[in-house]
Amino acid sequence: LWLKTGSLKLSRKDCWYYRAPFEIFSANSHRDLQHQLTPAMFAFCSSKTQAGEPSQCVPQSQPGVTRQYTQHTHGIRTQADGSVPAEKALQKLEQGNSRYVEGMPQQRSFDADARLALAQHGQNPFATIIGCADSRCPLEIFFDVQPGDIFVLRNAGNTCTHAEGSMVGSVEYSVCHLHTNLILVLGHTCCGAIAGATATALSKTDKSQNDAQPSSTLDKLLAGLGPVALQAASELPAGSTVEEVAAHAVKVNVFHTIEKLLTYSKPLREKVRQGEVVVQGAIYDIVSGKVDFLGACPRQALVLDMDAALVVRAPPVEDSTKEGKPVQGKGSASAKTGGA
């Protein structure tokens, strides 16, 4: 039997808590029953979830909200769930950003049960994202994800200028211990750090300015981004404005950060070389809300091959029989006597 309530159809098993025999009601009684049961059923669905159902139970669709059913073991992503391949992780980010741009984010309920599940069963993010600290770039929001989904690292300029920095170590932690398979370096339009570094780099025209030592940590950060600004300027036509150079430098900086990550981290290079981890770039438009996915760094193959290029070769050992001279070493007579 089906109880028709407008456009919604509910089976008898959905109405298990109401035990009256439906067969004995007349048509008028049936209509009365509909008016009584419909509000009660919606209230029941919003206050409880049955076994096997997601915790984010939405009784009826709401404008601007996409209904979500999670398949996670504990209702939220934890270590009890499997890892996500890089291709699938990238797809999830693309789909989440599309929902954000369209104004149709998924409705979620990050409640006490979800917090407890993450605490008890551990985190298992499906992607690692290096983003800018700019307050206009809320990564979890414009990717439409929830706590436990992405491992986020942020600083001014989404940069990585020092091998000993926490960025490199944190990325290694995410891929080696949390087993994320996707690393996304994310820049954004109108980046203040890039704009400041570009203005500083392009203004250094005389030797005295070039030799000036950074006076603060911020100055050191901007100085570290100077090569990015100069490269961006070299790739644009002569006479480009500072604003045009800064806008292009955002993209240059994304790939520059990828190169630095791979250069500074041997474990990361090995995982990328073996195909276990994928590193890509992207740019977030703070006006449209859309993320432009750039793909892999154009120079990635060159950086991955850097170990072979940096191998230190031992100097050739001279053949004493050809030259007629003893080989200098532990076993030579000169070494024993201390002679030349």
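The values are calculated or read from the model by the stated rules, or taken from the named source; none is laboratory data. Here the structure is a predicted model, which means the values were calculated and not measured. We place every Cβ from the backbone using ideal geometry, glycine too, and count neighbours over all the protein chains shown. For the accessible areas, the whole protein counts, side chains as well, though only heavy atoms, and no ligand, DNA or RNA atoms are used. Shrake-Rupley method; radii C 1.70, N 1.55, O 1.52, S 1.80 Å.
Results, tabulated for the structure shown:
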read-out: Residue 308 under 26 Å from residue 93 (Cα atoms), outside any loop (DSSP other than H, G, I, E, B), modelled with pLDDT under 95 and not polar (S, T, N, Q); value: no
read-out: Output for segment 280-290, where each listed residue is of a type in the set (Gly, Ala, Ser) and surrounded by fewer than 21 Cβ atoms within 10 Å (Cβ to Cβ); value: 288, 289
read-out: Matching residues in segment 253-279 - criterion: being part of a helix (DSSP H, G or I) and open to solvent by less than 10 Å² (accessible area, probe 1.4 Å); value: 253, 254, 257, 258, 261, 262, 268
read-out: Selection status of residue 305, of a type outside the set (A, V, I, L, M, F, W, C) and farther than 19 Å from residue 157 by Cα; value: yes
read-out: Number of the exception - residue 101 against (1) under 14 Å from the mean Cα position of the chain (by Cα); (2) of a type in the set (Val, Ile, Thr); (3) assigned to a helix (DSSP H, G or I); value: (1)
read-out: Test for residue 243: is it part of a helix (DSSP H, G or I), out of contact with any Leu (no Cβ under 8 Å at 6 or more places or on another chain) and open to solvent by 80 Å² or more (accessible area, probe 1.4 Å); value: yes
read-out: Segment 76-98 residues that are crowded, with 21+ Cβ neighbours inside 10 Å and in a loop (DSSP other than H, G, I, E, B), paired with ones that are at pLDDT 95 or above and among the aromatic types (Phe, Trp, Tyr) (beta carbon under 8 Å, 6 or more apart); value: 77/126; 84/126
read-out: Tally of residues being surrounded by 17 or more Cβ atoms within 10 Å (Cβ to Cβ), in a loop (DSSP other than H, G, I, E, B), of a type outside the set (Ser, Thr, Tyr) and touching a residue at least 60 places away in the same chain (Cβ under 8 Å) across segment 145-178; value: 7
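Table: residues versus (1) in contact (Cβ under 8 Å) with a residue 12 or more places away in the chain; (2) farther than 29 Å from residue 135 by Cα.
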site	(1), (2)
248	yes, no
257	yes, no
261	yes, no
267	yes, yes
275	no, yes
278	yes, no
287	yes, no
303	yes, yes
